[in-house]
Amino acid sequence: MKVALIESIPTSTDFNKYLDFDFDRFALCSDSSKKKILKRDVDIEINIDDYEWLVLVGSEPFKQFTRKSSITEYNGKVIDEKFLGLINPAMIRFKPEAKKSFEEAIESINGYVSGALKIEKLDNDKCYGITDPESAKKFISDAIKAPYDFVAMDSETSALYPRDGYMLGVSLSYEPDHGCYIHADCIDSEVEKLLQELFNTKKVVFHNAKFDIAWFEYHFGFKFPRFEDTMLMHYMFNENPGNHGLKTLAMKHTPYGDYEKTLEDWSETYRRQNGILKDDFDYSMIPFDVMKDYAAMDAVVTFLLYQKMSAALVKNEKLYGVYTNILLEGCRFLLDIQDNGVPFDKERLVEAQSIMSKQIDEAVETLQKHPAVQQFIKDKGAFNPNSTLQLRELLFDYVGLAPTGKKTGTGADSTDAEVLQTLAEEHEIPGLILEVRQKVKIKNTYLDKIIPSLDRDSRLRTNFNLHGTTSGRLSSSGKLNMQQLPRDNPTVKGCIKAAEGSQIVAMDLTTAEVYVAAVLSQDIGLMEVFRSGGNFHSTIAKQVFNLPCEVEDVEKFYKEKRQQAKAVTFGIMYGAGPSKISWQVTKDSGQEFTVGEATKVIKDYFAAFPRLKKWLDDNQKFISANAFTYSIFGRKRRLPDAKSQDKGIASHAIRSGINFLVQSVASDINLLGGIDMQKYIQRTGMKAKIFALVHDSILAEVPNDEVDHYKEKLAEYIQMDRGCTIPGCPVGCDFEVGEDYSMGKFTAYYDNTQ
């Protein structure tokens with residue numbers, strides 16, 4: 001058997017110590033000095049037909065031979081029955097977390113080349129499509145009678161959101177290595193009845209349950225008394241985003257390899273032949289005979305993944321508790337709030353869009369009247385405020401401003417928002433550029449995209465994700481990222497407006513992460529700050545600096561001390577040192593705050609709160625020694641980089657772990673409070689609609705006559721003792737109530753700009 005190993009460039013890596021077989025060695029580019037290989041640099045001479053296997057090391061050979069871009073997704077996996085992907089072992093030096101993946105890939109590659117591992121494919125009697133109701137009823141009846149207490153299920157749809165498309169078919173698997181794909185056209189009333197009986201009898205296992213359940217509930221009205229989610233299960237084993245796709249897990253944990261490739265190849269050919277862009281393509285264009293095998297396999301591999309992962313998950317009490325009590329409960333909760341939708345005022349959106357366009361035109365016109373810009377246009381022919389190169393030349397060469405010292409990743413002088421803000425103090429052009437950029441972004445990124453995305457009830461339904469961050473905080477994606485709404489301009493928030501007779505109620509946890517740190521560290525002094533009430537940062541400043549005034553007068557007489565105390569408080573939660581805190585205070589106050597001063601403040605801070613210091617030190621040592629940590633609620637944060645030989649990488653990992661210990665708990669307090677409030681709403685028949693969780697906030701549209709009761713109950717659930725509470729002093733939650741999410745700032749802003 002002949003095997004070729006192909007690198008990007010010739011290296012001295014000894015692959016013989018990893019691979020159990022002989023191989024011929026090649027390089028994509030013979031010039032070993034190349035850091036990045038362009039198409040013209042490829043000079044490899046190889047006839048791939050001479051080889052049974054080609055091991056492709058690194059992303060460039062992988063992309064060259066397979067036309068796929070993600071080497072990590074295919075690490076150790078077979079592509080086109082001939083190619084084996086392998087991440088570059090050099091990665092391990094600066095990314096220790098890659099070591100396990102590399103070792104697993106080596107084991108797989110040795111297995112495939114030796115013949116010990118093979119890609120399996122199910123025959124037509126085990127994986128097939130169903131297009132008639134009678135066959136569908138027989139399969140579902142067999143599933144109901146099957147000995148397993150669960151079935152795996154998947155859906156194929158024509159769109160990403162239930163209101164935007166229709167169901168194409170349903171995939172089911174009720175025993176290992178056996179699945180079918182049922183065409184939606186043969187789901188009549190009897191089939192529907194049998195399916196509901198199946199769901200009532202068995203646990204239903206999905207991969208990304210929130211997606212599938214939304215479709216089944218909206219289009220069929222199905223109920224799922226018990227469901228599981230292999231995507232969320234995998235998140236318990238690997239909290240890093242981007243690793244939870246069904247295809248990725250199927251290739252890693254089942255013998256069926258990249259079974260989706262046939263479908264991908266068909267889709268690519270179809271798009272090319274019909275001139276269809278990738279974003280305009282959907283699964284309704286795929287014939288049933290092409291779809292059926294792939295779709296049935298989705299259920300087959302979900303079944304196998306559940307068998308493997310559920311058995312492993314129940315062995316870890318902490319992780320299993322998070323999965324059942326937070327993630328599955330959170331999945332049901334997010335299904336409800338996503339379906340509630342974000343309430344937008346379409347008239348406001350259109351009005352804001354028109355005004356914003358006018359303001360952009362006026363700002364651009366003002367900018368272009370400036371002599372320096374006119375000279376630039378005369379010399380260069382045009383000026384594009386969104387061009388970094390042109391902006392750098394205008395500001396530093398034509399206007400004559402001095403660079404701030406901040407650099408881009410390539411070493412060039414930065415012209416980002418922070419730099420422009422600093423330069424705006426010296427000249428009007430940076431301020432005008434900022435204004436144009438901000439308003440163009442708001443119009444293009446938000447207003448122009450929100451309006452066509454609204455459903456007929458003027459609500460926008462987007463995604464909230466439980467698996468999108470390492471800390472456990474929710475992320476948002478889809479039609480609108482609710483976690484990234486503009487803060488400095490009230491336009492978008494102001495268009496999120498309650499219907500007549502209702503109010504927007506925003507609950508925000510106050511200083512939640514510091515509160516969590518106080519509880520976890522059991523620092524008596526820090527807990528007493530919370531018990532004393534009043535302004536938190538003023539209280540901290542008075543205590544740390546022993547200020548000779550009342551707490552309520554600190555901001556008036558010792559504003560800079562309060563700013564320093566605030567910066568240290570949040571800096572400590574994020575593992576910031578004297579240099580970072582010095583920079584932050586200087587930036588926030590506009591007055592120089594030296595590293596030496598920051599060092600002293602940190603020392604005084606820890607003198608006031610010694611148990612906090614001990615808690616931080618103890619956890620830093622634990623993370624450094626073990627490369628993981630658990631939150632008080634049982635979430636696990638794996639931090640392999642804590643063992644990196646690079647001190648900078650290791651210290652960053654340790655800081656991330658400390659931040660996780662407080663941020664994840666604050667986030668879970670918020671999520672669990674929201675879950676309990678939603679259950680109360682459903683149990684009592686309240687009309688209030690929770691529609692978003694944004695950072696540490698919960699947003700709802702609440703009828704006027706329910707506002708007080710809603711606030712009272714939500715505060716009760718948020719402040720419930722879940723094992724992380726200061727006795728006699730629950731975590732703080734502030735409420736704002738207004739007709740829109742900007743709490744009146746929208747009206748004030750547009751009144752002032754007309």
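Could you name the lysines in cross-link range of K138, using Cα to Cα under 27 Å and dropping any fewer than eight places away on the same chain?
K138 reaches K121, K126, K193, K202, K203, K223, K292.
Working only with C-alpha atoms, what are the Rg and Dmax values of region 127-315, expressed in angstrom?
16.1, 51
How many times 2.2 N^0.38 Å is the alpha carbon radius of gyration of the chain?
Working: Rg = 29.1 Å, N = 754, 2.2 N^0.38 = 27.3 Å.
With N residues counted in the chain, Rg over 2.2 N^0.38 Å equals 1.07.
Straight-line reach from K369: which aspartates and glutamates fall under 17 Å, measuring Cα to Cα and dropping same-chain residues less than 8 apart?
Excluding near neighbours in sequence, the set is D361, D379, E428, E435.
Quick check: residue separation of N316 and T586 times 0.36 nm, minus the Cα distance between them. What number comes out in nm? Please list the in-between numbers first.
Numbers: separation 270, 0.36 × 270 = 97.20 nm, distance 4.63 nm.
92.6 nm is the gain from fully extending N316 to T586.
Taking the Cα atoms only, what angle lies between the long axis of helix 707-718 and the longest principal axis of the chain, rounded to 10 degrees?
It is inclined by approximately 70 degrees.
At what distance in angstrom do the alpha carbon centres of region 376-422 and region 565-639 lie from each other?
Distance between centres, Cα-based: 35 Å.
With N set to the number of residues, divide the alpha-carbon radius of gyration of region 1-134 by 2.2 N^0.38 Å and report two decimals.
Details: Rg = 17.2 Å, N = 134, 2.2 N^0.38 = 14.1 Å.
Dividing the Cα Rg of region 1-134 by 2.2 N^0.38 Å gives 1.21.
Go through region 120-127 residue by residue and turn each phi into a ³J(HN,Hα) via Karplus (6.51, -1.76, 1.60, θ = phi - 60°); whole Hz please, and just put x for glycine and proline.
9, 9, 7, 6, 5, 7, 10, 9
In region 482-592, what is the count of Lys pairs whose alpha carbons are under 26 Å apart, counting only pairs at least 8 residues apart or on separate chains?
15
PRE reach from F237 (point 7 Å along Cα→Cβ): which of region 274-304 fall under 15 Å by backbone N?
Flagged as within label range: 301-304.
Based on other C-beta atoms within 10 Å, arrange T510, T629, T462, T410 from fewest to most. List each step's numbers first, then the result.
Working: T510 13, T629 22, T462 19, T410 5.
Fewest-to-most Cβ neighbours within 10 Å comes out as T410, T510, T462, T629.
Can you give the angle from 0 to 90° between the axis of helix 346-369 and the longest principal axis of the chain, with both taken from C-alpha atoms, to the nearest 10?
Tilt of helix 346-369: around 70 degrees.
For the pairs K95/K479; K346/K689; K34/K380; K406/K745; K95/K600; K479/K713, flag any whose C-alpha to C-alpha distance is greater than 24 Å. Display every interim value, and only then the final one.
Numbers: K95/K479 34 Å; K346/K689 19 Å; K34/K380 34 Å; K406/K745 33 Å; K95/K600 35 Å; K479/K713 31 Å.
Pairs exceeding 24 Å: K95/K479; K34/K380; K406/K745; K95/K600; K479/K713.
Pop out the ³J(HN,Hα) list for region 614-620 in order, Karplus 6.51 cos²θ - 1.76 cosθ + 1.60 with θ = phi - 60°, rounded to Hz; leave Gly and Pro as x.
5, 4, 4, 4, 4, 6, 4
Could you grab the relative contact order for the chain? Cα pairs under 8 Å, six or more apart, rounded to a whole percent.
Details: 1153 pairs, mean separation 84.0, N = 754.
Worked out over the chain, it gives 11 percent.
³J(HN,Hα) across region 295-303 via Karplus (A = 6.51, B = -1.76, C = 1.60, θ = phi - 60°), whole Hz, x for Gly/Pro?
Calculated HN-Hα couplings, in order: 5, 4, 5, 4, 5, 4, 6, 4, 4 Hz.
How far apart, in nanometres, would the label points at F622 and D721 be if each is projected 7 angstrom from Cα along the Cα-to-Cβ direction?
Using points 7 Å along Cα→Cβ, the separation is 2.2 nm.
Treat the count of other C-beta atoms within 10 Å as a stand-in for reagent exposure and order R163, R683, R437 from fewest to most.
Values: R163 15, R683 8, R437 18.
Going from least to most buried by this count: R683, R163, R437.
So, counting K/R as plus one and D/E as minus one, what does the shell of residues with Cβ under 9 Å around N535 add up to? Don't jump to the answer; show the numbers that get you there.
Working: positive: R562; negative: E552, E555.
Net charge in that neighbourhood comes out at -1.
Quick one: Debye curve from the alpha-carbon atoms of region 356-453 only, equal weights, vacuum; give me log10 I(q)/I(0) at q = 0.12, 0.18, 0.21 Å⁻¹ to two decimals.
Taken in order of the listed q values, log10 I(q)/I(0) reads -0.41, -0.85, -1.08.
Kindly provide the helix-only [θ] at 222 nm of the chain, computed as the sum of -39,500 (n - 2.57) over DSSP H runs of four or more divided by all residues, to the nearest 500 deg cm²/dmol? Write down the numbers at each step before the final one.
On the way: 30 runs with 364 residues, N = 754.
When only DSSP H runs of four or more count, the value is -15000 deg cm²/dmol.
Quick one: order E739, E81 by neighbouring beta-carbon count within 10 Å, fewest to most.
Numbers: E739 18, E81 11.
Fewest-to-most ranking of E739, E81: E81, E739.
Among all the lysines, which ones have a C-alpha under 20 Å from K68's C-alpha, if same-chain residues fewer than 8 places away are not counted?
K36, K39, K77, K82, K247, K252, K261, K278
What are the residues whose amide H is under 5 Å from the amide H of V694, where those residues sit 5 or more places off or on another chain and H is modelled from the backbone?
Amide H neighbours of V694, under 5 Å, 5+ apart: L699.
Roughly how far apart, in whole Å, are the Cα centres of region 682-754 and region 233-296?
Using only Cα atoms to place each centre, the spacing works out to 40 Å.
Report the FRET efficiency, 1/(1 + (r/R0)^6), for K407 and H709, where r is their Cβ-Cβ distance and R0 is 51 Å, rounded to 0.05.
Numbers: r = 54 Å, r/R0 = 1.06.
Efficiency, from the Cβ-Cβ distance: 0.40.
Bear in mind these aren't lab numbers, they're just calculated from the coordinates by the rules spelled out. Every value quoted in this text rests on a predicted model; they were computed, and no experiment measured them. With ideal geometry, Cβ positions are generated from the backbone for all residues, glycine too; neighbour counts draw on all protein chains shown.
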